[in-house]
Amino acid sequence: MTEAAPHRLWIERLRLSDFRNYASLSLDLDHRPVVLTGPNGAGKTNLLEAVSLLAPGRGLGRAPFTDMIRRGAGGGWAVNARLNCLDGLVEIGTGFTGSQETAARTVRLNGEPVRGTAVLGEHVRAVWLTPSMDGLFAGSPGERRRFLDRLIQSLDPGYRRCAGHFERAMRQRNKLLETGETATALYAGLEMQMAETGVAMAAARLDTVTRLKALAGPKESGESPFPWATLALEGLLEQRLENAAAVDVEDVYREVLAAGRNRDRAARRTLDGPHRSDLVVGHGPKAAPARSCSTGEQKALLIGLVIAHARLIKQQHGDHAPLILLDEIVAHLDEARREGLFGEIERLGAQAWMTGTDAAHFAVLGEKAQHLGIEKGGVSPQI
């Protein structure tokens, strides 16, 4: 095992029990990137999913926790890890049992149970890119909102709580709309909550996009093999915040919600707010919308954004790069871009977890990475 660099977030030990296709797995690692290669269906993505559960949220696939229980296993699943973090060694355990009354997973931090997953964001930050995200730019605004919100959560763990409060208030308002309720007093309190939390969400999105633009823009393109991106937000609150104070925008949003009750009642849902915003991405060198670019160009843009986001996390959190999870990342990259990606990861100093079916695509990394072969839920070192 090589000596670890001083400023790194990395997994030193990973243990799985009855998780997906792994009955039992034990990995001891060092700070270098981790390359997982093997045939389709061997369990490479399952390992990335397990690692993603060490961070806040529901993991990279957002799958039901019951689906993560190994087929044929009776009890449940568990993921345990020892990590080197900004504040030293941290032990994280998380799991789910079929007998749990709620759909939430349990979390333990240094052996002590904690409530929810938000606290994990104080120790672990992770970014990821999966094949399911390849259609992000051509997909629905909802997909791009979720992508942006996940970026924000890794920078500000409290954002998820704020967004949750907005969603709950909006669901309650929508129930009133569905029943045809007209009592003003019932709407007023919910709309105040929506205004406070919705404007806070929009402000966080604007701040993150502004900071990302500084790292994903043309100034960075000279050293990167990936095209620089233009970024903008389309949305009622985001546009208002560009020219007004947050407290004034809250007042405006409350007025919009109150004035729109009849229209919303007819639609049976809330039609204005941060749940309708969109992240607009462009291919900078081509001056073209990302949605109109080729599949390869969109993939390169997306990789560039994920790398820029990782840089932003590193800047904000004590020079510790996040864990980077890249599923089937090199299959459609040419040799120059593959090597460019590996160079970006090396400059970040990140423990990146990368999967692929062809070990030759990662051969250039040599001893700069830990190479593991995956087959039918088993793991073996590869030279």
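Could we say that Thr130 is of a type in the set (S, T, N, Q) and either touching a Phe, Trp or Tyr at 6+ places or on another chain (Cβ under 9 Å) or buried (at least 21 other Cβ atoms within 10 Å of the Cβ) (or both) here? Before you say what the answer is, go through the steps one by one.
Numbers: of a type in the set (S, T, N, Q): yes; either touching a Phe, Trp or Tyr at 6+ places or on another chain (Cβ under 9 Å) or buried (at least 21 other Cβ atoms within 10 Å of the Cβ) (or both): no.
So Thr130 does not fit the description; no.
Identify, by number, the condition in (1) in contact with a strand residue (DSSP E or B) (Cβ under 8 Å, 6 or more places away or on another chain); (2) touching a residue at least 12 places away in the same chain (Cβ under 8 Å); (3) among the small types (Gly, Ala, Ser) that Ser24 doesn't meet.
So the condition that Ser24 fails would be (2).
What are the residues in the stretch 8-39 that are within 22 Å of the chain's Cα centre (by Cα) and in a loop (DSSP other than H, G, I, E, B), if any?
Arg8, Leu9, Arg20, His31, Arg32, Pro33
Surrounded by fewer than 21 Cβ atoms within 10 Å (Cβ to Cβ) and either charged (D, E, K, R) or more than 30 Å from Leu176 (Cα to Cα) (or both): is that true of Val280 in this structure?
Working: surrounded by fewer than 21 Cβ atoms within 10 Å (Cβ to Cβ): yes; either charged (D, E, K, R) or more than 30 Å from Leu176 (Cα to Cα) (or both): yes.
When the stated conditions are applied, Val280 passes them.
Residues Ala369, Ala352: which one is under 27 Å from Gly296 (Cβ atoms), among the small types (Gly, Ala, Ser) and either modelled with pLDDT under 95 or over 21 Å from the mean Cα position of the chain (by Cα) (or both)? Steps first, please.
Working: Ala352 fails: either modelled with pLDDT under 95 or over 21 Å from the mean Cα position of the chain (by Cα) (or both).
So the residue among Ala369, Ala352 that is under 27 Å from Gly296 (Cβ atoms), among the small types (Gly, Ala, Ser) and either modelled with pLDDT under 95 or over 21 Å from the mean Cα position of the chain (by Cα) (or both) is Ala369.
All but one of (1) closer than 30 Å to Leu212 by Cβ; (2) surrounded by 14 or more Cβ atoms within 10 Å (Cβ to Cβ); (3) not hydroxyl-bearing (Ser, Thr, Tyr) hold for Gly88; state the number of the condition that does not hold.
All conditions pass for Gly88, except number (2).
Quick one: which strands (runs of 3 or more DSSP E) lie wholly within the stretch 323-383 and hold at least 1 residues that are aliphatic (A, V, I, L, M) and free of Cβ contacts under 8 Å to residues at least 24 places away in the same chain? Write out each step before concluding.
Values: elements: 323-326, 352-356, 370-375, 378-381.
So the answer is none; nothing clears 1.
Quick check on the stretch 85-98. Is at least one of its residues among the aliphatic types (A, V, I, L, M), modelled with pLDDT of 90 or more and either within 24 Å of Gly356 (Cβ to Cβ) or touching a helix residue (DSSP H, G or I) at 6+ places or on another chain (Cβ under 7 Å) (or both)?
Within the stretch 85-98 (the criterion being among the aliphatic types (A, V, I, L, M), modelled with pLDDT of 90 or more and either within 24 Å of Gly356 (Cβ to Cβ) or touching a helix residue (DSSP H, G or I) at 6+ places or on another chain (Cβ under 7 Å) (or both)), the answer is yes, since at least one residue qualifies.
Does Arg269 satisfy the condition of being assigned to a helix (DSSP H, G or I) and either surrounded by 20 or more Cβ atoms within 10 Å (Cβ to Cβ) or touching a residue at least 12 places away in the same chain (Cβ under 8 Å) (or both)?
Values: assigned to a helix (DSSP H, G or I): no; either surrounded by 20 or more Cβ atoms within 10 Å (Cβ to Cβ) or touching a residue at least 12 places away in the same chain (Cβ under 8 Å) (or both): yes.
No.
Looking at (1) within 20 Å of Leu155 (Cα to Cα); (2) not assigned by TED's automatic domain parsing to the domain that holds Thr210, can you tell me which one Ala300 breaks?
(1)
Taking the stretch 171-197, which residues are among the small types (Gly, Ala, Ser), out of contact with any helix residue (DSSP H, G or I) (no Cβ under 6 Å at 6 or more places or on another chain) and within 25 Å of Arg240 (Cβ to Cβ)? Reasoning before the result, please.
As a first pass, look at the stretch 171-197 and keep what is among the small types (Gly, Ala, Ser): 180, 183, 185, 188-189, 195.
Within this subset, residues satisfying the condition of being out of contact with any helix residue (DSSP H, G or I) (no Cβ under 6 Å at 6 or more places or on another chain) are 180, 183, 185, 188-189.
Of everything in the stretch 171-197, those that are among the small types (Gly, Ala, Ser), out of contact with any helix residue (DSSP H, G or I) (no Cβ under 6 Å at 6 or more places or on another chain) and within 25 Å of Arg240 (Cβ to Cβ) turn out to be Ala188, Gly189.
Can you name every residue in the stretch 193-207 that is over 19 Å from Arg269 (Cβ atoms) and surrounded by fewer than 24 Cβ atoms within 10 Å (Cβ to Cβ)?
Correct list: Glu196, Ala200, Ala203, Ala204, Leu206, Asp207.
What is the number of the single condition among (1) within 23 Å of Pro113 (Cα to Cα); (2) in a loop (DSSP other than H, G, I, E, B) that Gly72 does not meet?
(1)
Hey, any hits in the stretch 45-53 for a residue that's out of contact with any Cys (no Cβ under 9 Å at 6 or more places or on another chain), surrounded by fewer than 17 Cβ atoms within 10 Å (Cβ to Cβ) and among the aliphatic types (A, V, I, L, M)?
First, pick out the residues of the stretch 45-53 that are out of contact with any Cys (no Cβ under 9 Å at 6 or more places or on another chain): 45-53.
Subsequent filtering for residues that are surrounded by fewer than 17 Cβ atoms within 10 Å (Cβ to Cβ) retains none.
So far as the stretch 45-53 goes, no, none of its residues is out of contact with any Cys (no Cβ under 9 Å at 6 or more places or on another chain), surrounded by fewer than 17 Cβ atoms within 10 Å (Cβ to Cβ) and among the aliphatic types (A, V, I, L, M).
State yes or no: is Lys175 surrounded by fewer than 15 Cβ atoms within 10 Å (Cβ to Cβ), assigned to a helix (DSSP H, G or I) and at pLDDT 95 or above?
On the way: surrounded by fewer than 15 Cβ atoms within 10 Å (Cβ to Cβ): yes; assigned to a helix (DSSP H, G or I): yes; at pLDDT 95 or above: yes.
It is true that Lys175 is surrounded by fewer than 15 Cβ atoms within 10 Å (Cβ to Cβ), assigned to a helix (DSSP H, G or I) and at pLDDT 95 or above.
If His165 meets every condition in (1) modelled with pLDDT under 95; (2) more than 23 Å from Asn262 (Cα to Cα) apart from one, which number is that one?
Exception for His165: condition (1).
The values are calculated or read from the model by the stated rules, or taken from the named source; none is laboratory data. Computed from a prediction, not measured in an experiment: that's the story for all the values here. Using ideal geometry, Cβ is built from the backbone for each residue, glycine included, and neighbour counts are taken over all protein chains shown.
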